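Right, one structure below, let's go through it.
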Amino acid sequence: MSTQYKPAIHFQHVDYRIGDIEILNDITGSFPQGRITTLVGPSGAGKSTLLKLCNGLISPANGEIFIKDKAIGEYDPVELRRMVGMALQSAPMISGTVYENLNLPLELQGQQLSKEEALELLEDVGLKSDLLERKVKELSGGQRQKVSIARTLVNKPEILLMDEITSSLDRASKLEVEELISKINRKYNTTIIWITHNLQQALEIGDYTWVMMDGQVVETGESSLLEDPHNSRVNEFVKGVVS
Amino acid sequence: MSYWALSLTLIFVLIPLVLSKTLNLGLGRDMTVATVRSIIQLLAVGYVLKFVFDSESLIYILLMVALMIVAATHNAQKKGAAIQGITWKIAVTLIFVEVLTQGILIGFNITPATAQYIIPISGMVIGNSMVLSILFLNRFTAEVEDHQDQTELILALGGTPKQAIHRQLINSIKASMIPTIESQKTVGLVQLPGMMSGQIIAGADPIQAVQFQLLIMFLLLTTAAVTSVFLGYLSYPTLFNKRMQLLKG
């Protein structure tokens with residue numbers, strides 16, 4: 001992809017399969033450190049699986065993944081997952097209040113999030129402070145997604161994996177989250193890998209783009225490639241999505 | 001009870017058979033098989049118990065208990081097929097519960113170390129432990145499947161497998177213990193326990209029958225708690241690999 005930036009994550013001939021079904025096939029490429037890379041492609045292309053590989057929730061069948069030049073297998077899984085944060089598409093919550101959910105990452109380490117820090121996180125993601133003691137079952141889909149993002153930020157990850165986090169948000173909330181992620185990227189030099197179905201979002205937010213189809217990476221480069229793809233399948237996909 | 005009176009008890013089998021036939025329930029064959037099996041199994045066990053009691057040999061007592069554990073393990077393991085190595089985990093749980101309860105009973109001289117006490121009490125403990133294992137495994141496999149996203153969430157946030165599965169484990173332990181606790185709350189009010197009723201019918205002093213029943217009830221409470229906790233903590237690690245990844249069945 002880019003030779004300008006050090007890779008935060010590098011895939012080298014990575015395959016992943018479930019039983020006999022091949023989900024990812026020979027993935028090779030890098031996600032540049034401190035940049036926002038979007039992953040686009042049709043449903044079932046293997047994008048979410050690729051994110052789970054980065055976070056160590058699953059392991060490749062073949063090939064190697066390097067996080068900051070160190071093979072992923074050499075990391076302690078807990079250390080790796082705190083360093084590579086992940087906001088899941090379904091924004092799962094533990095039952096209880098918003099505060100209990102925000103406190104979860106620290107509770108797992110035997111620590112506690114102060115109310116002030118929790119309120120700051122809510123403000124960062126554009127949620128009102130009175131939501132802190134609200135039960136999560138009373139939240140809207142968009143509010144849940146924002147709480148999920150805030151919760152991921154508690155570990156202060158160096159790499160942030162986002163799986164379609166704005167798909168259930170209204171336009172105003174979507175813009176707030178985009179602004180928030182850009183701010184985190186700029187302020188902390190956090191590497192962001194963001195799955196999106198919204199090509200306009202990929203163009204506006206992403207520095208780089210991977211286009212995936214049928215478990216393979218078919219085109220990579222600066223996000224502007226989406227305006228004029230070289231690959232004919234990508235071209236068809238872009239036109240299909242745009243139209 | 002005379003053999004004539006015993007044979008008259010088959011009336012209680014005839015009634016449901018007639019109902020099944022009349023209402024086309026299709027349970028006639030199952031009920032007949034169950035009746036024949038219960039007659040053969042109970043008569044056989046009666047003769048075996050008489051032999052073991054008369055011989056007063058520790059080997060025979062141990063063999064009887066081992067047989068109970070093997071049969072209970074075989075029955076319970078079907079419910080936990082999704083959990084790797086479930087057969088030996090259930091067997092270890094049953095052995096642990098049996099050793100613990102008999103150790104306390106005999107160690108504190110609560111009951112004598114004779115076949116007459118060890119075998120029936122072991123039967124109740126192992127039988128109850130088997131049912132608890134089935135209840136626990138049923139609930140635990142459902143909890144793990146239903147809350148897979150929460151397990152992955154905690155792993156993704158840097159939690160350990162034990163933290164990731166904690167809520168599901170606790171929910172399953174609590175759910176499997178509820179029937180034992182609830183039945184203790186209503187004992188004597190709603191139902192008279194089988195063992196106590198049997199003793200009273202056989203002519204025992206009701207107060208003494210109650211004392212033994214209390215012993216059994218308390219014993220079964222320990223059995224319930226130890227079975228579900230022990231089996232739970234033996235089972236959950238096999239749901240994850242060394243990289244702390246949730247293995248999907």
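A short reminder: the numbers here are calculations on the coordinates, not readings from a lab. Computed from a predicted structure; not experimentally measured. Because the Cβ atoms are built from the backbone with ideal geometry, glycine has one as well, and the counts that use them run over all protein chains shown.
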Log entry: pair-distance distribution for the stretch B:1-55, C-alpha pairs binned every 10 Å from zero, whole % per bin is 21, 39, 26, 11, 3
C-alpha long axis of helix A:115-124 to longest principal axis of chain A, angle in °: 40 degrees
Gain in length, B:Leu58 to B:Asp149, computed as 0.36 nm per residue apart minus the alpha-carbon separation, to one decimal in nm? 27.6 nm
Explain nothing, just the number: relative contact order of the stretch A:40-162, from Cα pairs under 8 Å at least 6 residues apart, as a whole percent. 33 percent
Please give the helix A:171-188 orientation as an angle from the longest Cα principal axis of chain A, in degrees from 0 to 90, rounded to the nearest 10. 80 degrees
Give, in nm to one decimal, the length gained when the segment between B:Ser38 and B:Thr9 is fully stretched (0.36 nm per residue of separation minus the Cα-Cα distance). 9.1 nm
Can you give me the three principal axis dimensions of the stretch B:102-249 from its C-alpha atoms, in Å, biggest first? 63, 33, 22
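In the stretch A:79-169, which GluC sites (Glu not before Pro) fall in coil by DSSP and have 12 or fewer other Cβ atoms within 10 Å? Walk me through the numbers before you get to the answer.
Numbers: sites: A:Glu79, A:Glu100, A:Glu107, A:Glu116, A:Glu117, A:Glu120, A:Glu123, A:Glu133, A:Glu138, A:Glu158, A:Glu164; in loops: A:Glu133, A:Glu158, A:Glu164.
Passing both the DSSP loop test and the Cβ count: A:Glu133.
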Under 22 Å from B:Lys78, Cα to Cα: lysines that are on another chain or at least 8 residues apart: B:Lys89, B:Lys174, B:Lys248
Unit charges on C-beta of K, R, D, E only; dipole of the protein assembly as shown, Debye: 1220 debye
Mean separation of Cα pairs under 8 Å and 6+ residues apart, divided by the residue count of chain A: what relative contact order is that in percent? 27 percent
Efficiency by 1/(1 + (r/R0)^6): what FRET value for B:Phe96 and B:Tyr117, r their Cβ-Cβ distance, R0 = 30 Å, to the nearest 0.05? 0.90
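Within a Cβ distance under 12 Å of B:Val144, other residues only, what is the Lys/Arg minus Asp/Glu net charge?
Around B:Val144, the charge tally is -2.
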Taking H placed 1.01 Å from N in the peptide plane, check which residues at least 5 places from A:Gln89 or on another chain put their amide H under 5 Å from its amide H. A:Asp163
Sorting A:Met83, A:Ile23, A:His10 by the position of each Cα along the dipole of chain A (Lys, Arg +1; Asp, Glu -1; all at Cβ), the one nearest the positive end of that ordering is A:Met83
Measuring from its Cα centre, the stretch B:57-239 shows a charge dipole (+1 at each Lys and Arg Cβ, -1 at each Asp and Glu Cβ) which, in debye to the nearest 20, is 100 debye
Estimated vicinal HN-Hα couplings, Hz - the stretch B:92-99 in sequence order (Karplus 6.51, -1.76, 1.60; Gly, Pro = x): 5, 4, 5, 5, 4, 4, 5, 5
Taking amide H positions as placed 1.01 Å from N in the peptide plane, with prolines and chain starts having none, which residues 5 or more places from B:Asn241, or on another chain, fall under 5 Å of its amide H? B:Leu247
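Evaluate E = 1/(1 + (r/R0)^6) for B:Ile207 and A:Lys135, where r is the Cβ-Cβ distance and R0 equals 45 Å; express this FRET efficiency to the nearest 0.05.
The calculated FRET efficiency here is 0.30.
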Exposure proxy check on B:Ser228, A:Ser43, A:Ser95: fewest-to-most Cβ neighbours within 10 Å is A:Ser43, A:Ser95, B:Ser228
Please compute the net charge surrounding A:Leu51, taking Lys and Arg as +1 and Asp and Glu as -1 over other residues with Cβ under 15 Å from its Cβ. -1
How much FRET efficiency would the formula 1/(1 + (r/R0)^6) give for A:Gln12 and A:Glu120, where r is the Cβ-Cβ distance and R0 is 35 Å, rounded to 0.05? 0.35
In deg cm²/dmol and to the nearest 500, what is the mean residue ellipticity at 222 nm of chain A if only DSSP H runs of at least 4 residues count, each as -39500 (n - 2.57), divided by the residue total? -10500 deg cm²/dmol
Quick one: Karplus J couplings for the stretch B:205-217, per residue in order, coefficients 6.51, -1.76, 1.60, θ = phi - 60°, nearest Hz, x for Gly and Pro? 5, x, 5, 5, 4, 5, 4, 5, 5, 4, 4, 5, 4
C-alpha center-to-center spacing [the stretch A:167-243, the stretch A:66-86] in angstrom: 24 Å
Tilt, helix A:232-242 to longest principal axis of chain A (alpha-carbon atoms), in degrees rounded to tens, equals 40 degrees
Report the label-to-label distance for A:Asn189 and A:Phe66 in nanometres (one decimal), using points 7 Å from each Cα along the Cα→Cβ vector. 1.9 nm
So what J values fall out for the stretch A:52-64 if you push phi through Karplus, 6.51 cos²θ - 1.76 cosθ + 1.60 with θ = phi - 60°, rounded to Hz, Gly and Pro as x? 4, 5, 5, 8, x, 6, 9, 10, x, 6, 9, x, 10
Ranked by GNM mean-square fluctuation in chain B (Cα springs under 10 Å), the top entry among B:Lys78, B:Lys21, B:Lys162 is B:Lys21
Considering Cα pairs under 8 angstrom that are at least six residues apart, work out the relative contact order of the stretch B:57-239 and quote it in whole percent. 30 percent
Per 5 Å bin, what percent of the C-alpha pairs of chain B does each bin hold, from zero upward? 1, 6, 10, 13, 14, 15, 14, 11, 8, 5, 3, 1, 0, 0, 0
Distance in Å, no decimals, from the C-alpha centre of the stretch B:77-99 to the one of the stretch B:1-36 is 35 Å
Amide H contacts under 5 Å for A:Gly221, restricted to residues at least 5 apart in sequence or on another chain and with H modeled in the peptide plane, are A:Thr209
Once you wrap a convex hull around the alpha carbon atoms of the protein assembly as shown, what is its projected area averaged over all directions, in nm²? 32.7 nm²
Partners for A:Lys70 among lysines (Cα-Cα distance below 18 Å; same-chain residues under 8 apart left out): A:Lys6, A:Lys52
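Determine the sum of side-chain charges near B:Thr227: Lys and Arg each +1, Asp and Glu each -1, restricted to other residues whose C-beta is under 15 angstrom from that of B:Thr227.
Numbers: positive: B:Lys79, B:Lys89, B:Arg139, B:Lys174; negative: B:Glu98.
Within the 15 Å Cβ shell, the charges total +3.
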